[in-house]
Amino acid sequence: MQSENLRPQDKPTGNVSRRAILGAGAAAAGLLLTAGASPWSAVAAPTYTWDAIVVGAGAAGLGAARKIAAAGKRVLVLEARDRIGGRLWTDRTSLSIPHERGGEMVHGHDVSTWDLIRQQNLTTHRWEDKFAKINAGDSVWNSAKNYDTFHFPQGAPSFPAGVPQPLAGETAEVWLARIGIPRSNYPIYFWVLEGDYEQFDVMPADMVVEELGFVLDMQQYAGTMPPEEYGDYRVIGGYDQILKPLMRDVTIRKSTVVNTVEYSANCVNIHTNNGSFRSRVVVMAVPGGVLKSGAITFNPPLPSARRTAIDEISYLSVFKGILEFPEPVVPADAALPRRWDVTALFSENPPTLWDASRGTPGFGGQLIVTWMTGGKAQELLDLPVAERHQAGLETVRKLAGDPGLQHVGATTYDWSKDRFALGAYPGPFSRREGLSDPVGGVLFWAGMTTSTIHESRDSGTVAAGLALAALRRA
């Protein structure tokens, strides 16, 4: 795998794998990690039977394991990587301060992540200062706190007879143009949707019908919006800190890659590169992309309906590059605050920038995330790493009005190339129905198509509840 960390002053050092980057201090293959002095910290003979095994130590797997352990059951977590967290990966070595290669935000003020934050008195920073332009040359920045976000730049369309419905197979872009809304008249809200999900030249039109109705309803409002109840928050010092409470009384075996799951009534045998393990039930907290790839064999094979559902999982291309600057990047437009949370220049690729270091004590520089999803993200991922970072730098330069601006460090990661993820998160086309129903009364499922950390943890909690019920019935 090509190294995706690059400091401009460094010379290339050859191929560096993700595992090699994190290798210092990682557990040796087969080493058990037990948090909280679990009474089952020692693995017995191969015939030893655990109450439950959880496959995967991401937020979903740890969420499941913690609930099972809290019920007094003997639970073992098998993790393929040499670290925990899955697609929650706080990198503490590549740049000057911890930064998130994967999931970064707590989405909402009342989601389940907050109990983990409060247990440890962690500090968070809420995004407040968010601005966007459709074109870099536009004279005015739109604030996310203003209803202009929903307004059509060339005037709102009118549909006295109702909004015409999409034709079969029509894309959002084609449908909107047909009903009189060309790209030049997209409100910023539409550009945000493209940056978060998929571009409208690919997205099916029926996925945008409700969004258009919402935007049309918002035309009656102007000026500053009421304070936002929903919010996005960053955990200062590293998102991975939230995982610590989930590890309590849980035994974790890292660098253990599951290849076969044999199951029958009240018994599951799991075969790995580090031996075999037996349990009464199993929670599969493995990304859908891994299951879809066939990397794990089930014996007997999964029911055909479940296999079909897994095969219909699709992942969204996601580009996330992080650039480090020696001092904060100040926008050229004096109307913007010197320290901002999010800016977007939708004429650029990547268009979206956010401050990934604001609120970090003692750090005088700035980490800026450069972001895009969908087909435009894939265009960036297809570039050599240095060119991906250069594209992000050009967007930052336009924000700063400084064509000579340079970064001092950079990092990125292509989750679609990660064998233990095979995708960042499911996109709008991914099938989700029929994926989480138990199989054979012993196989339970979590985290396959979740796209946020709290959803992943919650899915693990639900799966654990079903597994515990099965254990009670056995």
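The values are calculated or read from the model by the stated rules, or taken from the named source; none is laboratory data. On a predicted model such as this, the values are computed, not experimentally measured, just so you know. A quick note on method: Cβ atoms are made from the backbone with ideal geometry, for glycine too, and the neighbour counts reach across all protein chains shown. These area figures cover heavy atoms from the full protein model, side chains too; ligands, DNA and RNA do not enter into them. Shrake-Rupley method; radii C 1.70, N 1.55, O 1.52, S 1.80 Å.
If you go through region 65-94 and keep only what is in contact with an Asp or Glu (Cβ under 7 Å, 6 or more places away or on another chain), open to solvent by 10 Å² or more (accessible area, probe 1.4 Å) and not hydroxyl-bearing (S, T, Y), you end up with A69, K73, R74.
In this structure, does E433 turn out to be out of contact with any helix residue (DSSP H, G or I) (no Cβ under 6 Å at 6 or more places or on another chain) and assigned to a loop (DSSP other than H, G, I, E, B)? Spelling it out, E433 is indeed out of contact with any helix residue (DSSP H, G or I) (no Cβ under 6 Å at 6 or more places or on another chain) and assigned to a loop (DSSP other than H, G, I, E, B). In this structure, I181 qualifies as open to solvent by less than 20 Å² (accessible area, probe 1.4 Å) and not in a helix (DSSP H, G or I). In region 34-63, of all residues being more than 27 Å from the chain's Cα centre (by Cα) and hydroxyl-bearing (S, T, Y), the one that is modelled with the highest pLDDT corresponds to T49.
Could you say whether any residue in region 385-393 is out of contact with any Lys or Arg (no Cβ under 9 Å at 6 or more places or on another chain) and farther than 30 Å from D333 by Cβ? Lay out the reasoning, then the answer.
Pass one, region 385-393, residues out of contact with any Lys or Arg (no Cβ under 9 Å at 6 or more places or on another chain): 385-393.
Filter once more, keeping what is farther than 30 Å from D333 by Cβ: 385.
Taking every residue of region 385-393 in turn, at least one turns out to be out of contact with any Lys or Arg (no Cβ under 9 Å at 6 or more places or on another chain) and farther than 30 Å from D333 by Cβ.
Answer yes or no: is there a residue in region 113-121 that is buried (at least 16 other Cβ atoms within 10 Å of the Cβ) and either assigned to a loop (DSSP other than H, G, I, E, B) or over 22 Å from the mean Cα position of the chain (by Cα) (or both). Show your work before the answer.
Start the filter on region 113-121 by keeping residues that are buried (at least 16 other Cβ atoms within 10 Å of the Cβ), which leaves 113-114, 116-117.
Among the residues that remain, those that are also either assigned to a loop (DSSP other than H, G, I, E, B) or over 22 Å from the mean Cα position of the chain (by Cα) (or both) are: none.
So far as region 113-121 goes, no, none of its residues is buried (at least 16 other Cβ atoms within 10 Å of the Cβ) and either assigned to a loop (DSSP other than H, G, I, E, B) or over 22 Å from the mean Cα position of the chain (by Cα) (or both).
What about H109, is it in contact (Cβ under 8 Å) with a residue 40 or more places away in the chain, open to solvent by 50 Å² or more (accessible area, probe 1.4 Å) and not β-branched (V, I, T)? Can you show your working first?
On the way: in contact (Cβ under 8 Å) with a residue 40 or more places away in the chain: yes; open to solvent by 50 Å² or more (accessible area, probe 1.4 Å): yes; not β-branched (V, I, T): yes.
Judged against the criteria, H109 is a match.
Is there any pair linking a residue in region 143-168 that is outside any loop (DSSP other than H, G, I, E, B) to one that is buried (at least 16 other Cβ atoms within 10 Å of the Cβ) and small (G, A, S), with Cβ under 9 Å and at least six apart or on different chains, and which? Partner pairs satisfying both residue conditions: S143/A132; T149/A132; T149/S143. Here is the figure for region 213-250: residues that are part of a helix (DSSP H, G or I), open to solvent by 40 Å² or more (accessible area, probe 1.4 Å) and in contact with a His (Cβ under 9 Å, 6 or more places away or on another chain) total 1. Within the set Q241, Q220, the sole residue that is touching a strand residue (DSSP E or B) at 6+ places or on another chain (Cβ under 9 Å) and not β-branched (V, I, T) turns out to be Q241.
Can you pull out the residues in region 126-174 that are among the acidic types (D, E), open to solvent by less than 40 Å² (accessible area, probe 1.4 Å) and over 28 Å from G231 (Cα atoms)? So that I can check it myself, show each step before the final result.
The initial filter retains those residues of region 126-174 that are among the acidic types (D, E), namely 128-129, 138, 148, 170, 173.
Next, only the ones that are open to solvent by less than 40 Å² (accessible area, probe 1.4 Å) stay: 129, 170.
E170 - this is the single residue of region 126-174 that is among the acidic types (D, E), open to solvent by less than 40 Å² (accessible area, probe 1.4 Å) and over 28 Å from G231 (Cα atoms).
All of (1) open to solvent by 50 Å² or more (accessible area, probe 1.4 Å); (2) part of a loop (DSSP other than H, G, I, E, B) hold for E210 with one exception: (2).
Residue by residue through region 251-295, note down the ones that are assigned to a helix (DSSP H, G or I) and touching a strand residue (DSSP E or B) at 6+ places or on another chain (Cβ under 7 Å). Write out each step before concluding.
The initial filter retains those residues of region 251-295 that are assigned to a helix (DSSP H, G or I), namely 288-293.
Within region 251-295, G288, G289 qualify.
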